[in-house]
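First comes the structure, then the notes that go with it.
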Amino acid sequence: MRAGSGEHYDENGKLLYRGEFAADQYAGAGTLFDPEGKPKYAGQFAYGLYEGAGTEYRQDGTIVYAGAFVKGQRTGEGKLYNGSGGLIYEGTFNEGRYAGAGKLYGESGKLLYEGVFQDGKLNGAGKQYFASGIAQYEGGFLQGSYHGAGSLFNESGSLVYTGAFGAGQMNGDGQAFGANGAPVYAGKFVNGKYEGIGVLFDADGVTLYKGFFKGGFSFVEGFINLPLAKLQEMLGAPDAPVVPESPAPGEDAVVGGADESGEDSAAGGGSGAGSGDSAAADGSGTAAADDKTAASDSSGGANGNNSANASGNGAGGSNSSNASSNGGAGGSNSSNANGNGTGASNSSNANGPGAGSSNGAIANGTNSNGSSSNASGSAGASGSGVSAEELGLEGLPPKPLNLTYASSQLSFLLEADPDNPEAYYVSEINTWNSTVIQQTLQRLQTAKAASITEKLDNGKSNIIYKSGNALLTFTYSNKKPLRLNISYITPK
């Protein structure tokens, strides 16, 4: 039985091994030769197998591997070389495969990858490099592909994308950046393209569009049938509606068809309260009025046809009169009342700290004129209600909502669900956002969508496309698309 130092030859007398033996097996330091007599392996042995530090050679004498071995296989720290002697991999091995921390090099010897390996492929945190040595990707890997959170860079080292990856592509939430480092998009990605909800930015980082995307383009049709709550969750509160300016104090305001001559209407002044369907009151005197007349006392006054202005401390009642009182009460079918007393009628306007009741009335401040208005006061009041049927409102559908987001150059028309009138859904969209219009048009043209053209009287034209259950109308002027209207097509 061989033991100690020695040599081993084959039956033809060719040297196979030179080194240490134990129990008739290669054990300890030794060199194994190929049939040509060239070194095949030099290093440590145990029980006839490579064990410990060693070096493997090619037939031409160049090194294949140098590092640790366990039971004849590359296991532990080691380096793998190509035929030119260039480094391919350095790091840890397990049974001949890359496993654990390591670095992978290209044929030119440039570092390509570094990170955690498993079964010969990157798995876990790692980096990929350009041939220039600049990082191309940093983040998670799975079976050699980008996976999980990571960042992409261009050859200048500028950030191109940061976010989620899957199957080697941008998938999930992320941000894309321009060459100047400014963000160009933030939101959802699918297979490397904008898809889902996201935000598009201009070169200065200002929001151009926030909404839906598909196949890398803005997809405004995605808003169609979106519930009001979801719309506001995405875009926030809409712009405040434009409110017409109120007339300056002291100026007359004509409401409900009253003319400047005061015919069939009356105005008075006082600090009282009243109620009615068609009247205005403003004054501080005392008066009493009868049918088709008006009398005034103190600082009040009255003139007009078939109407009256009255102010005073007494009471007045007629079919067409104005009454104001500090103590009495007045009632009419069409009257103006001002004062500190109480009044009741079917149609009047009143202003003051008194009490009043009316059907469909408005009460506020002074100098109010018009009809079918409300009365309010601080004292008790009584009056009869008017039903929706009497007002002619029964059976009318809820009014649609118009919401505008000027910063995104978008406006929405929302209609109520016939079965659930409290719920509103987007039925029409208008945009004058040139970026959105161009991207939408490009998407439709790329898909070779059919279209029709219609000429308009003002020299403009419409080009209409259909996309799913949406009708897209582009309005052109001088061959340039200026506006896009998207409406919902109710399925038959």
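Just to be sure, is PHE93 surrounded by 14 or more Cβ atoms within 10 Å (Cβ to Cβ), of a type in the set (Phe, Trp, Tyr), touching a residue at least 12 places away in the same chain (Cβ under 8 Å) and more than 30 Å from LYS127 (Cα to Cα)? Steps first, answer last, please.
Numbers: surrounded by 14 or more Cβ atoms within 10 Å (Cβ to Cβ): yes; of a type in the set (Phe, Trp, Tyr): yes; touching a residue at least 12 places away in the same chain (Cβ under 8 Å): yes; more than 30 Å from LYS127 (Cα to Cα): no.
Here the answer is no, as PHE93 does not meet what is asked.
Are any of the residues in segment 479-486 in a loop (DSSP other than H, G, I, E, B) and free of Cβ contacts under 8 Å to residues at least 24 places away in the same chain?
Of the residues in segment 479-486, the ones in a loop (DSSP other than H, G, I, E, B) are 479.
Applying the additional criterion that residues be free of Cβ contacts under 8 Å to residues at least 24 places away in the same chain yields 479.
Yes: segment 479-486 contains one or more residues that are in a loop (DSSP other than H, G, I, E, B) and free of Cβ contacts under 8 Å to residues at least 24 places away in the same chain.
What's the number of the condition LEU403 fails, among (1) surrounded by fewer than 13 Cβ atoms within 10 Å (Cβ to Cβ); (2) of a type in the set (A, V, I, L, M); (3) closer than 17 Å to LEU228 by Cβ?
The number of the failed condition is (1).
Assess whether ARG58 counts as being more than 25 Å from LYS79 (Cα to Cα), charged (D, E, K, R), over 60 Å from the mean Cα position of the chain (by Cα) and surrounded by fewer than 18 Cβ atoms within 10 Å (Cβ to Cβ). Write out each step before concluding.
Values: more than 25 Å from LYS79 (Cα to Cα): no; charged (D, E, K, R): yes; over 60 Å from the mean Cα position of the chain (by Cα): yes; surrounded by fewer than 18 Cβ atoms within 10 Å (Cβ to Cβ): yes.
Judged against the criteria, ARG58 is not a match.
Could you look through segment 217-235, keep only residues that are among the polar types (S, T, N, Q) and not in a strand (DSSP E or B), and pick out the one that is nearest to the chain's Cα centre (by Cα)? Show your work before the answer.
We begin by selecting, within segment 217-235, every residue among the polar types (S, T, N, Q); these are 218, 225, 232.
Subsequent filtering for residues that are not in a strand (DSSP E or B) retains 225, 232.
Details: ASN225: 16, GLN232: 9 Å.
Among residues in segment 217-235 that are among the polar types (S, T, N, Q) and not in a strand (DSSP E or B), the one nearest to the chain's Cα centre (by Cα) is GLN232.
Scan segment 454-492 for residues that are loosely packed, with under 13 Cβ neighbours inside 10 Å and more than 28 Å from TYR425 (Cα to Cα) and report the count. Write out each step before concluding.
Going residue by residue through segment 454-492, those that are loosely packed, with under 13 Cβ neighbours inside 10 Å are 454-459, 468, 478-480, 489-492.
Narrowing further to those that are more than 28 Å from TYR425 (Cα to Cα): 454-459, 478-480.
Total meeting the criteria: 9.
For segment 427-477: of the residues being modelled with pLDDT under 90 and of a type in the set (S, T, N, Q), which is farthest from the chain's Cα centre (by Cα)? Give the steps one after another, and end with the answer.
Residues of segment 427-477 that are modelled with pLDDT under 90, as a first pass: 457-459, 467-469.
Subset that is of a type in the set (S, T, N, Q): 458, 467, 469.
Working: ASN458: 36, SER467: 21, ASN469: 22 Å.
The selected residue is ASN458.
Can you name the residue in segment 11-55 that is surrounded by fewer than 20 Cβ atoms within 10 Å (Cβ to Cβ) and among the acidic types (Asp, Glu) and is also farthest from TYR65 (Cα to Cα) among such residues?
If we take residues in segment 11-55 being surrounded by fewer than 20 Cβ atoms within 10 Å (Cβ to Cβ) and among the acidic types (Asp, Glu), then GLU11 is farthest from TYR65 (Cα to Cα).
When you go through (1) farther than 19 Å from LYS480 by Cβ; (2) touching a residue at least 40 places away in the same chain (Cβ under 8 Å) one by one for LYS448, which number turns out not to apply?
All conditions pass for LYS448, except number (2).
Mind checking which pairs have a first residue in segment 131-144 that is over 21 Å from GLY109 (Cβ atoms) and a second that is among the polar types (S, T, N, Q) and not in a strand (DSSP E or B), Cβ under 8 Å, 6 or more apart or different chains?
none
Name the residues in segment 429-454 that are under 22 Å from PRO227 (Cα atoms) and out of contact with any Phe, Trp or Tyr (no Cβ under 7 Å at 6 or more places or on another chain), would you?
Within segment 429-454, the subset under 22 Å from PRO227 (Cα atoms) is 429-431, 436.
ASN430, THR431, listed by residue number.
If I ask for residues that are over 28 Å from THR207 (Cα atoms) and not in a strand (DSSP E or B), which ones from segment 427-468 would you list?
Answer for segment 427-468, where residues must be over 28 Å from THR207 (Cα atoms) and not in a strand (DSSP E or B): LYS448, ALA449, ALA450, LEU456, ASP457, ASN458, GLY459, LYS460.
The values are calculated or read from the model by the stated rules, or taken from the named source; none is laboratory data. Note that the structure is a prediction, hence the values are computed from the model and not measured. Cβ atoms come from the backbone with ideal geometry, glycine included; neighbour counts cover every protein chain shown.
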